[in-house]
Amino acid sequence: MPMRRFAFVIGTALPLAFVTAAQAEDVVIRIEAKRGSDAAHASAEGWSAQFPDVVTFPLTDGWVGIALGPMPRDEAAARLEQLKQERKVPGDSFLSAAEGRELTHLGTAAAGSVPPAPQAPMGNASTFPQGAAQPPGENDDQMDAEAPSEIAPAQPEPIEAVAERPEQFFLRLESTTDRAKAEEILAKWRETLPEAGLWTLPNGRLAIAFGPMEQVTGNAWLKAFKDAGAVPKDAFLTPGEDMGEIAIIGKVPDLGAPPAPDAAPVAMPPLEDIQRALRWAGHYQGGIDGKDGPMTRAAIAEEIVRLRASPDTATAMAELIARREAWRAEMGLSQLQDSHTGLVLPAPMEKLQFDRAERALSIYGPRNGSGAALILFSQPGGQQEMLDLAGLVTALGWVPAPERKVERGAITLDGRNQTHISHAEGRVVDGRVQGFVLIWPVSDPEDQHRLAAEISDNLSRFAPGATEAQPEAPAIAPAIAPATAQD
């Protein structure tokens, strides 16, 4: 169907009683279900770009149904058949009785919410398109009438007004005349922009697009995406009314709004803090030097697109730093001052406990079965002593089958087995070799990476080590049980 201006109804939930007696056999076309009001509202917003009569209604156990209607059964059956043939709705969409349901037209729920679903025991579930599971309590015979709802319908309330939304725009990515190729291109784009959809343009071409969004938001994010190299240089914003018909529906993207024109600008955080947060997020491998180099700029652009908090650099980086601080608090990071090595660093001490110090090593094993371990080392020496320590770490199985990166004055080791991920770093600093080995459960690779970055970026010396006056080779006896260190 041609693209139309979007409209929504201002009011409250429309109960079945609003329908006249002559419409007692009305049904809705069930197209999707989501668990939770936020997910349901976002999905319903996406469907509203294609259909003017999207409704939501509560199901059981927190599920929310998304449908079209209500309408007479005969009309609904014919419409459903046509929509399936045109591939505008999921292939397993079906008719469902409207009676007894608390139908809410899109836009009527306050603050973007939908009515809470009644709680009931979970029933059988089957898979819906777009990863949604069929909610419990539905009749297996999709065309038969369903059991009456136990929830009494609310009293009807009047529709107060009909208002138009601001004109919606889409970010055009690519186009082609070949349907099979278009679907391949769409699948590729969804790896980085999973909300993308496919449209049949008025001229017959097939376009991959991302949206909808308001024009101001679209222009700001188009620039952000281009700066990050996330979209083609010739990508552009186009009005929804020029998009033609939806061939494969996408999802409404969750994009932070740009700052208001009259809002006070957000102060840019210190660049060193930004670099630390970018490394924590896994998008920066450069030095923590507070310098605005090409690696830093590229990482900032990539993180803005990934985070989607705001297309404004300062706002997005402030949000990233806040997320890092929240994670540090959640992980229970505290400052560890190890007197044996003289090293100070952030460490998750709720998961670690001191085991013993031996020559150049200070060893912390798992606390309460956490599966984590941390080994610190410090001794006088240079490049060769650093390589010797790396060999020792490998021989003890602390970093199994490691990938090694060796530079002048620095070495890193990364390895894993079936139970653990390990990361080790050694550095030559002021005539001493110092560093750490972090061993972490393989089931939690994200936190392992973040912890390794936090320790690496903040490891420093606060006092001379216990072996300062007694240079000697480190002990080789591990303090971690074999099952933890080597399995």
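Bear in mind these aren't lab numbers, they're just calculated from the coordinates by the rules spelled out. Quick caveat: nothing in here was measured; it's all calculated off a predicted structure. Here the Cβ positions follow ideal geometry from the backbone for every residue, glycine too, while neighbour counts run over all protein chains shown.
Key figures for this structure:
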item	result
Modelled FRET efficiency - R0 35 Å, residue 358 with residue 326, Cβ distances, 0.05 increments	0.45
FRET efficiency estimate (nearest 0.05) - Cβ-Cβ, residue 344 to residue 295, R0 41 angstrom	0.90
Simple label model, 7 Å out from Cα along Cβ direction - residue 53 to residue 203, nm	3.5
Three-way shape label, region 197-345, alpha-carbon gyration tensor, a/c 1.5	prolate
Cβ charges +1 (Lys, Arg) and -1 (Asp, Glu), total dipole of region 271-326, debye	180
Net lengthening on full extension, residue 444/residue 85 (0.36 nm per residue, minus Cα-Cα)	124.8 nm
Potential extension, residue 387-residue 242 segment - 0.36 nm per residue separation minus Cα distance	45.9 nm
Segment residue 403-residue 73, extension gain: residue separation times 0.36 nm, minus the distance between their alpha carbons	112.4 nm
For region 333-485, radius of gyration divided by Kirkwood radius, i.e. Rg to Rh on alpha-carbons	0.92
Peptides ranked, highest mean first, by Cβ atoms within 10 Å: ranges 282-288, 206-212	206-212, 282-288
Relative exposure of 43, 443, 422, 370, judged by other C-beta atoms within 10 Å (fewest first)	443, 370, 43, 422
Whole-Å distance, taken between Cα centres, linking region 263-306 and region 350-407	30
